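The structure appears right after this line, and notes come after that.
The values are calculated or read from the model by the stated rules, or taken from the named source; none is laboratory data. Treat the numbers as computed from the prediction; the structure is a model and nothing was measured. So basically every Cβ, Gly included, is an ideal-geometry build from the backbone, and we count neighbours across all protein chains shown.
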Amino acid sequence: MIISLVKMTRPINVFLSIITVIISAYILKQDLNSYKVIITCLTVAGFTIFSNILNDIFDIKTDMVNCPQKPLITGEISIKRAFIFSFIILILSFWLLFQLNSNSTNLVIFIILPIIVTYTPVFKSVPLIGNILIGFILGLVFLFTEASLTNKIELLWIPALLATHLTILRELLKDIEDYTGDYKSKIYTFPVCFGVIKSKILFLISTLLLLGWAGFMPLLLNLNLYYIFLFWGVFAPQIFYILYLLFGVKSNDYSTISTLLKIATIIGLGVIITFGL
């Protein structure tokens, strides 16, 4: 059962959320060993775990088609136990949250938590809105970290926008990958409503917009050469290769493409680190 619970937490996602906090703290020139940074990491990890488990509970019907290997589908763990575990994680996360300042607390209570709770049952089936909300959640990790460490939000808007845009792309691709299960479950994502081809075109347009505004941002913000090298030398080629697979080879292996996009997201975090150089 313990292994099943660990699977449900999605350790890679939790790890990425912690890395996001550490990157934010680095950009803000905070002591990475400080009490506030550690509590912020644990708080973000806790709410990420709660969100992932809650998503699995709400998504049972869809996962029967798209992800039949998940613990709730295979019967490795019951819905009741998963719910109890998520509730315990939520309580611990709130306890950690209240160790921080009021600005970060309000950001979670009034913005982040409502998005987490309402995403799957309400907004996931609304074309694009669900994708945008998931993007906001990752972007808000940067803003939450700045609020918790400095008690204000001033410097991390651009990293937050980068993370948000990248996540929207990843979620759109995931919707394309999950088309069959979502269609059978009557979850009206963008691919279900408008088709896979139009979804790919939207993915292309959104990707080019990302490369446009983020790639030429150094001209406006006087960013360092590290940013330019990582973005155009490492990140952009990965993105162009993904577009080549989607439109050049016309690959339907969305799982592989999704993995490549996750790698690009990790590289994107590396690009964001340069804001602190």
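Which residue pairs have Cβ atoms closer than 6 Å, lie 6 or more positions apart in sequence or on different chains, and pair a first residue in the range 248-277 that is over 28 Å from Pro159 (Cβ atoms) with a second residue that is surrounded by 15 or more Cβ atoms within 10 Å (Cβ to Cβ)?
Partner pairs satisfying both residue conditions: Ser251/Leu245.
Which of (1) within 21 Å of the chain's Cα centre (by Cα); (2) crowded, with 19+ Cβ neighbours inside 10 Å; (3) not polar (S, T, N, Q) does Gly270 not meet, given it meets every other one?
(2)
Kindly establish whether Leu204 is over 23 Å from the mean Cα position of the chain (by Cα), within 30 Å of Trp157 (Cβ to Cβ) and surrounded by fewer than 16 Cβ atoms within 10 Å (Cβ to Cβ).
Here the answer is no, as Leu204 does not meet what is asked.
Test Val44 against the criterion of being crowded, with 17+ Cβ neighbours inside 10 Å, under 22 Å from the mean Cα position of the chain (by Cα) and among the aliphatic types (A, V, I, L, M), and give yes or no.
Numbers: crowded, with 17+ Cβ neighbours inside 10 Å: yes; under 22 Å from the mean Cα position of the chain (by Cα): yes; among the aliphatic types (A, V, I, L, M): yes.
So Val44 passes the test.
Collect the residues in the range 95-126 that are within 20 Å of Lys61 (Cβ to Cβ), in contact (Cβ under 8 Å) with a residue 40 or more places away in the chain and surrounded by fewer than 19 Cβ atoms within 10 Å (Cβ to Cβ), keeping them in residue-number order.
Val117, Pro121, Ser125, Val126, listed by residue number.
For Leu169, indicate whether it is at pLDDT 90 or above, within 19 Å of the chain's Cα centre (by Cα) and in a helix (DSSP H, G or I).
yes
Given the conditions (1) out of contact with any Gly (no Cβ under 6 Å at 6 or more places or on another chain); (2) in contact (Cβ under 8 Å) with a residue 60 or more places away in the chain; (3) β-branched (Val, Ile, Thr), which single one is not true for Ile153?
Ile153 satisfies every listed condition except (2).
Being at pLDDT 90 or above, of a type outside the set (Asp, Glu), over 20 Å from the mean Cα position of the chain (by Cα) and not in a loop (DSSP other than H, G, I, E, B) narrows it down to one residue among Leu230, Leu210, Leu219; which is it?
Leu230
Just wondering, is there one or more residues in the range 182-199 that are small (Gly, Ala, Ser), within 19 Å of the chain's Cα centre (by Cα) and assigned to a loop (DSSP other than H, G, I, E, B)? First the steps, then the outcome.
Pass one, the range 182-199, residues small (Gly, Ala, Ser): 185, 195, 199.
Among the residues that remain, those that are also within 19 Å of the chain's Cα centre (by Cα) are: none.
The answer is no; no qualifying residue exists.
What residue, of Gln69, Gln99, is farther than 30 Å from Phe275 by Cβ and not hydrophobic (A, V, I, L, M, F, W, C)? I'd like the intermediate steps shown before the answer.
Working: Gln99 fails: farther than 30 Å from Phe275 by Cβ.
Going through Gln69, Gln99 in turn, the sole match is Gln69.
Determine whether Leu92 is touching a residue at least 40 places away in the same chain (Cβ under 8 Å), within 30 Å of Ser4 (Cα to Cα) and surrounded by fewer than 20 Cβ atoms within 10 Å (Cβ to Cβ).
yes
Out of all the residues in the range 237-256, which are within 21 Å of Thr164 (Cβ to Cβ) and surrounded by 19 or more Cβ atoms within 10 Å (Cβ to Cβ)?
Ile239, Ile242
With respect to the numbered conditions (1) surrounded by fewer than 20 Cβ atoms within 10 Å (Cβ to Cβ); (2) in contact with a Pro (Cβ under 7 Å, 6 or more places away or on another chain), which one is the sole condition not fulfilled by Lys61?
Result: Lys61 passes all but (2).
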